[in-house]
Amino acid sequence: MKRKTRYSAIIERIFLSKFRPGMKHVDFERVEIERAARQFRIKLPKNIGDLIYSFRYRADLPEAIRTTAGQGETWIIRPTGKARYRLILVPDRPFHPNPNLAITKVPDATPGIVTKYAFNDEQALLARLRYNRLIDIFTGVTCYSLQNHLRTTVPDMGQVETDELYVGVDKRGSHYIFPVQAKGGTDKLNVVQIEQDFAVCAHKFPGLICRPMGAQFMEGGTIALFEFEQGNGLVSISSEKHYKLVPPEEVTAGDLKSYQQRAAD
C-alpha cells in the first residue's frame, strides 16, 4: 500500500470511529495510529509523526473526512499536547498569494554558486530571504537570522517546528521576533503553523514583539511574503508583498519612479 493511501486509511479509520454528525472536533492520540495500523496490517514508518505532518502541511485529508465539513469550513489537525492531536473545524481560508498584487524588483544578492546548486524548495527560499534581506525590506526592521529549523515544545501544544527565526530592532530600539514559515514546490502555508509560531513567541520570547511571517515561491521565481495577525481566535493576513530577484541592470529608471510613486500614495 502506498504511503499516501495507508496514511489516508489510518486517519480516516480513527476519525470515522469517533465522529458523529454535528461534532466540531475529534481528539485522538498517537497510540491510536499504531492501533489502526495493526488493524489494517499496515507497516508504519519509523517516524509515526510523519503521518500527522503529511496531513497538516502537504496532503489533503481523505474525502470521507472532508465531506463532513460544513460550507466554508475545513478540517485541520492541531496538536493538543505530547502525542495528542485534535481534528477541528475552522473557517476555510487558505493562505494563497494574491495574483493581482504588484511585483517589486530587488537586485539579486544571492551568491552565484548558491543559485547554481539551489533546489526549488524551502531551503532555497530561506537562503534567498537571508542573502537579499527580504525580511528587512518587507518589515522595515533591521533583522538577523537567529536560528534555522527551531524544534521545541510548547505547553498544551507539544512539539512544534519553525523554519527560521529572525530577531530585529527598529529605529525606536524596540526588539522583534520574526518566525518564518517557508514553502517551496507544492507545499502550502497552513494556519496551524502560524498558530504555532504565535505560541512559540509567547512561550519563548514573551518580551519581544511577535510578527509571524510566511514565504512562498510563486510562478517564475517570484517570492510572496506574508505577515499575519491573530484576533478573535483566527489568524489573518495583515500584509502581503511580492518580490522578484533580478540582475541589478533589470531594475530600470521606470521601475524606480514607479516605486517612488507607490511610496507617496
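Residue pairs whose Cβ atoms lie under 6 Å apart, separated by 6 or more positions or on different chains, with the first residue in the stretch 116-136 and not assigned by TED's automatic domain parsing to the domain that holds PHE226 and the second of a type in the set (Ser, Thr, Tyr) and surrounded by fewer than 15 Cβ atoms within 10 Å (Cβ to Cβ), do not occur.
Pairing residues of the stretch 41-62 that are under 18 Å from GLU195 (Cβ atoms) and in the same structural domain as THR74 (by TED's automatic domain parsing) with residues that are part of a loop (DSSP other than H, G, I, E, B) and not aromatic (Phe, Trp, Tyr), at Cβ distances under 7 Å and at least 6 apart in sequence or on separate chains, gives PHE55/LEU61; ARG56/ASN190; TYR57/ASP187; TYR57/ASN190; ARG58/ASP187. Checked against (1) in the same structural domain as ASP255 (by TED's automatic domain parsing); (2) of a type in the set (Gly, Ala, Ser); (3) surrounded by 14 or more Cβ atoms within 10 Å (Cβ to Cβ), ALA36 passes all but condition (1). The criterion of at least 2 residues that are of a type outside the set (D, E, K, R), touching a strand residue (DSSP E or B) at 6+ places or on another chain (Cβ under 7 Å) and surrounded by 13 or more Cβ atoms within 10 Å (Cβ to Cβ) is met by the following helices (runs of 4 or more DSSP H) wholly inside the stretch 47-134: 122-131. Of the candidates THR74, THR110, the single residue that is among the polar types (S, T, N, Q) and assigned by TED's automatic domain parsing to the domain that holds ILE48 is THR74. Taken over the stretch 208-235, the residue count meeting the criterion of being more than 21 Å from ASP170 (Cβ to Cβ) and free of Cβ contacts under 8 Å to residues at least 24 places away in the same chain is 4. Kindly evaluate ASP156 against the criterion of being in contact with a strand residue (DSSP E or B) (Cβ under 7 Å, 6 or more places away or on another chain), among the charged types (D, E, K, R), assigned to a loop (DSSP other than H, G, I, E, B) and under 29 Å from LEU89 (Cα atoms). In short, yes. Inclusion of VAL180 among residues that are under 9 Å from the mean Cα position of the chain (by Cα), closer than 16 Å to PHE138 by Cβ, modelled with pLDDT of 95 or more and not in a loop (DSSP other than H, G, I, E, B) is warranted. If you go through the stretch 3-32 one residue at a time, how many are out of contact with any Phe, Trp or Tyr (no Cβ under 8 Å at 6 or more places or on another chain), of a type outside the set (A, V, I, L, M), surrounded by fewer than 17 Cβ atoms within 10 Å (Cβ to Cβ) and under 15 Å from ILE76 (Cα atoms)? Residues that pass the stated criteria total 4.
The values are calculated or read from the model by the stated rules, or taken from the named source; none is laboratory data. Quick caveat, the model's predicted, so the values are computed rather than measured. Every residue, glycine among them, receives a Cβ derived from its backbone with ideal geometry; neighbour counts consider all protein chains shown.
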